[in-house]
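The values are calculated or read from the model by the stated rules, or taken from the named source; none is laboratory data. Given the structure is predicted, the values throughout are model-derived calculations rather than measurements. Because the Cβ atoms are built from the backbone with ideal geometry, glycine has one as well, and the counts that use them run over all protein chains shown. The area values use the complete protein model at the heavy-atom level, side chains included, leaving out ligands, DNA and RNA. Shrake-Rupley method; radii C 1.70, N 1.55, O 1.52, S 1.80 Å.
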Amino acid sequence: QIADPNGFYHSPWALMFAASYNTNLLEESDLPDSWADLADEEWAGKLTFMTPSTPGGTMTVSTALLQAGVVDEGWLQSVGANAKIVAQDQLALQSISAGEYAYQPLAAAISILNAKEDGAPVEVQFFEENNVIATEKWMLAANAPSSDAGKLLLNFLFTAEAQELTLESGNF
């Protein structure tokens, strides 16, 4: 549904973001009701997530929430103070799975579901509103050595075969 009119920008996939929690440490009734709740001191030392200073899900979600006016700079500071910030999303999910931390906001829902399927004591949480879906972006590079090959790849990404392979990879 998202494409440049000249055919240079396509988004063949979307990634749903959510929060995860360790089911051994938190009951559903203990969970926050909104993004705003995560800034409360109640969550100090219970949160972990990937650094928002590098491209990835945390940067995507925090930027989307900030630009939409759902959160503000004060919220970012408070949540950062409540959390152990790690280098990669997978490290945060491992910490949640191991019970080192109870809650991971700003995570790819599919990663959580894959960990749960592998036996980790984790569950996905979506809020009633302001959940974030991000698109995977693909485009032709200007002056690429073979724009025809690039166009073939972009066309392939939208085929049923490529969509099925992507689902099997477990990332989208």
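Annotations
- Accessible-area composition of the range 114-165, carbon plus sulfur, in percent [1.4 Å probe]: 52 percent
- Most positive-pole-ward Cα, 56, 76, 45, against dipole of the range 28-85 from beta carbon charges: 56
- Where only alpha carbons of the chain are counted, the Rg and the Dmax (Å): 18.0, 56
- Across the range 26-43, coupling constants 3J(HN,Hα) worked out from phi with the 6.51/-1.76/1.60 Karplus curve, θ = phi - 60°, read 10, 8, 4, 5, 7, 6, x, 8, 7, 4, 4, 4, 5, 7, 5, 4, 4, 9 Hz, and Gly and Pro carry x.
- By accessible area, using a 1.4 Å probe on protein heavy atoms only, the range 18-84 has 47% of its surface on carbon and sulfur.
- Amide proton proximity set for residue 122, modelled H, under 5 Å, gap of 5+: 23
- Relative contact order for the range 38-90, counting Cα pairs under 8 Å that sit 6 or more residues apart, in percent: 57 percent
- In the chain, taking the dipole from charged Cβ atoms about the Cα centre, the farthest positive-side position among 107, 131, 166 is held by 166.
- Relative contact order [Cα under 8 Å, 6+ residues apart], the chain, whole percent: 38 percent
- Dipole in debye (nearest 20) - the range 22-80, about Cα centre, beta carbon charges: Lys, Arg +1; Asp, Glu -1: 380 debye
- The ratio of the alpha-carbon radius of gyration of the range 130-172 to the globular-protein estimate 2.2 N^0.38 Å is 1.43.
- Accessible area in square angstrom per residue, the range 49-147, 1.4 angstrom probe: 53 Å²
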